[in-house]
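Trainee: I'd like to ask you about the structure that follows.
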Amino acid sequence: MRVDRIREQLIETFFPVYIEVLDESHNHNVPEGSESHYKVTVVSQQFADRPLIK
């Protein structure tokens, strides 16, 4: 499952204290079973003192 792979890669990269990866493909006009739209929330110390948008 693509969600699991995305989550694993984010964990390995950012060592998050909180992570959420949601497949929101069903909210879009894509074929059933498509894994193409995700909502990702990552909280990590690596983002401390960083601007929200860079």
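Trainee: Just the residues that are closer than 10 Å to Val42 by Cα, assigned to a helix (DSSP H, G or I) and within 9 Å of the chain's Cα centre (by Cα), please, taken from the range 1-28.
Mentor: Scanning the range 1-28 gives Arg7, Leu10.
Trainee: Would you say Val17 is modelled with pLDDT of 90 or more and under 13 Å from Val3 (Cβ atoms)?
Mentor: In short, no.
The values are calculated or read from the model by the stated rules, or taken from the named source; none is laboratory data. Predicted model only: the values in this text are computed from it and were never measured. We place every Cβ from the backbone using ideal geometry, glycine too, and count neighbours over all the protein chains shown.
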